[in-house]
Every structure is written in C-alpha cells, then in structure tokens.
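Visitor: To start, I am sharing the structure in question, which I have written as structure tokens.
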Amino acid sequence: MSGTASEKKMIKIQYVRSMIGTPHKHRLVVKSLGLRRLNQIVEREDTPAVRGMVAKVSHLVKIVK
C-alpha cells in the first residue's frame, strides 16, 4: 500500500453555478457536499461516493487543483 491512513486523497470542489431552477435532488446533493455560496471551495475526501455526487451536479460544480 502507498501511504498511511492519515494520508487520505482529497479533492477541492468549487460551487460555480446557481441552483435556481434546478431539481430538488440536485439542491440536496450540493448542500450535502457542504456548499452554500457561489464560488465557495470545499475540500472533501476523494471517495467513489463523493465523485458520484460531483458527477450528478457537474453542471453546478467543478473540481479545482
């Protein structure tokens, strides 16, 4: 294995488009990622669940480096 338990892969997610007019499920996904304001950046653990959530709302968020 490469790394220890303390070295978890992280991704930064930025909220770039408004949720106005989007389906309720998309709003719930954005909120569950911890995003509240436009252009806000949060750092989350890089897991398949988080990647799936980002994929569902890819038109509202982007992954930044």
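Visitor: I'm trying to understand the selection: among the residues of segment 47-59, which are loosely packed, with under 12 Cβ neighbours inside 10 Å and in contact (Cβ under 8 Å) with a residue 40 or more places away in the chain?
Guide: Once the filter is applied, which keeps residues that are loosely packed, with under 12 Cβ neighbours inside 10 Å and in contact (Cβ under 8 Å) with a residue 40 or more places away in the chain, segment 47-59 yields only His59.
Visitor: Among residues belonging to segment 18-27 that are out of contact with any Leu (no Cβ under 7 Å at 6 or more places or on another chain) and surrounded by fewer than 12 Cβ atoms within 10 Å (Cβ to Cβ), point out the one that is farthest from Glu7 (Cα to Cα).
Guide: Gly21
Visitor: Quick one: which residue in Arg37, Arg44 is open to solvent by 70 Å² or more (accessible area, probe 1.4 Å) and part of a loop (DSSP other than H, G, I, E, B)?
Guide: Going through Arg37, Arg44 in turn, the sole match is Arg37.
Visitor: For Gln14, work out the one condition from (1) in a loop (DSSP other than H, G, I, E, B); (2) touching a Lys or Arg at 6+ places or on another chain (Cβ under 6 Å) it doesn't fulfil.
Guide: Only one criterion is unmet by Gln14, namely (1).
Visitor: Okay, next question. List pairs: first residue in segment 10-31 and under 19 Å from Thr47 (Cβ atoms) and modelled with pLDDT of 95 or more, second residue assigned to a helix (DSSP H, G or I) and basic (Lys, Arg) anywhere in the structure, Cβ distance under 6 angstrom, at least six positions apart or on different chains.
Guide: From segment 10-31, the pairs are Val29/Lys56.
Visitor: Specify which of the listed residues (Lys62, Lys8) is open to solvent by 80 Å² or more (accessible area, probe 1.4 Å) and in a strand (DSSP E or B).
Guide: Lys62
The values are calculated or read from the model by the stated rules, or taken from the named source; none is laboratory data. From a predicted model like this one, the values you see are computed outputs, not experimental measurements. So basically every Cβ, Gly included, is an ideal-geometry build from the backbone, and we count neighbours across all protein chains shown. Note: areas computed on protein heavy atoms with side chains; ligands, DNA, RNA excluded. Shrake-Rupley method; radii C 1.70, N 1.55, O 1.52, S 1.80 Å.
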